[in-house]
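The values are calculated or read from the model by the stated rules, or taken from the named source; none is laboratory data. Every value quoted in this text rests on a predicted model; they were computed, and no experiment measured them. Positions of Cβ are backbone-derived with ideal geometry, glycine not excepted, and every protein chain shown enters the neighbour counts.
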Amino acid sequence: MAASEPGENTAARKEALDTQGSNLPEGAVFYDAECPLCLASVEFLRRRDRAGRLRFLPLDSDAGRRACEAAELDPDGPSSLVFVDAVGCLKESAAVLGTLAWLGGGWRLLAWVGLLVPTWAADAIYRQVAARRRRRIDAAQR
């Protein structure tokens, strides 16, 4: 893979999970459509995706369920983001960095800087944010 190809840095960060046979579109961002933070993140990405390469699909769609299965995620669990690149499905911090890399420019540079954070630490931070996000959604629904 060429050094400038999107998703390479996230593939180096953590092994992507195979998507063969799942027919998931490359450049797809699967998100929790009931989460205000997730919706704001999608809007943030949409505004910065000048090339229009990213596709946004809710996790509770048919394709979203396939993405969760390929990424070995519980669709009802706290994780809120799955990103599909040429390597496969990325989750947690790798999904965030992969998505930023696809935006290109300075965002790709930021993704590379993100690789300096150890995976265990970046994923722990991601899980904390995801868990708090989920608790706020649950509290709002009561």
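Things worth noting here:
- Residue in segment 71-78 that is closer than 18 Å to ASP123 by Cβ, surrounded by fewer than 24 Cβ atoms within 10 Å (Cβ to Cβ), modelled with pLDDT under 80 and in contact with a Leu (Cβ under 7 Å, 6 or more places away or on another chain) present: yes
- Selection of segment 18-33 for residues being at pLDDT 85 or above and out of contact with any Lys or Arg (no Cβ under 6 Å at 6 or more places or on another chain) yields GLU26, VAL29, PHE30, TYR31, ASP32, ALA33.
- Considering only residues in segment 22-60 that are small (Gly, Ala, Ser) and in contact (Cβ under 8 Å) with a residue 12 or more places away in the chain, the one that is farthest from VAL96 (Cα to Cα) turns out to be SER22.
- Sole residue being out of contact with any Asp or Glu (no Cβ under 6 Å at 6 or more places or on another chain), farther than 21 Å from ARG133 by Cβ and not acidic (Asp, Glu), chosen from ARG53, ARG65: ARG53
- Taken over segment 24-53, the residue count meeting the criterion of being surrounded by 18 or more Cβ atoms within 10 Å (Cβ to Cβ) and either assigned to a loop (DSSP other than H, G, I, E, B) or among the basic types (Lys, Arg) (or both) is 5.
- Scanning segment 94-123 for residues that are assigned to a loop (DSSP other than H, G, I, E, B) and among the hydrophobic types (A, V, I, L, M, F, W, C) gives LEU115, LEU116, VAL117.
- Consider segment 79-93 and keep the residues that are under 14 Å from PHE30 (Cβ atoms) and assigned to a loop (DSSP other than H, G, I, E, B). The one that is modelled with the highest pLDDT is ASP85.
- Subset of segment 45-64 (residues that are aromatic (Phe, Trp, Tyr) and over 13 Å from LEU81 (Cα atoms)): none
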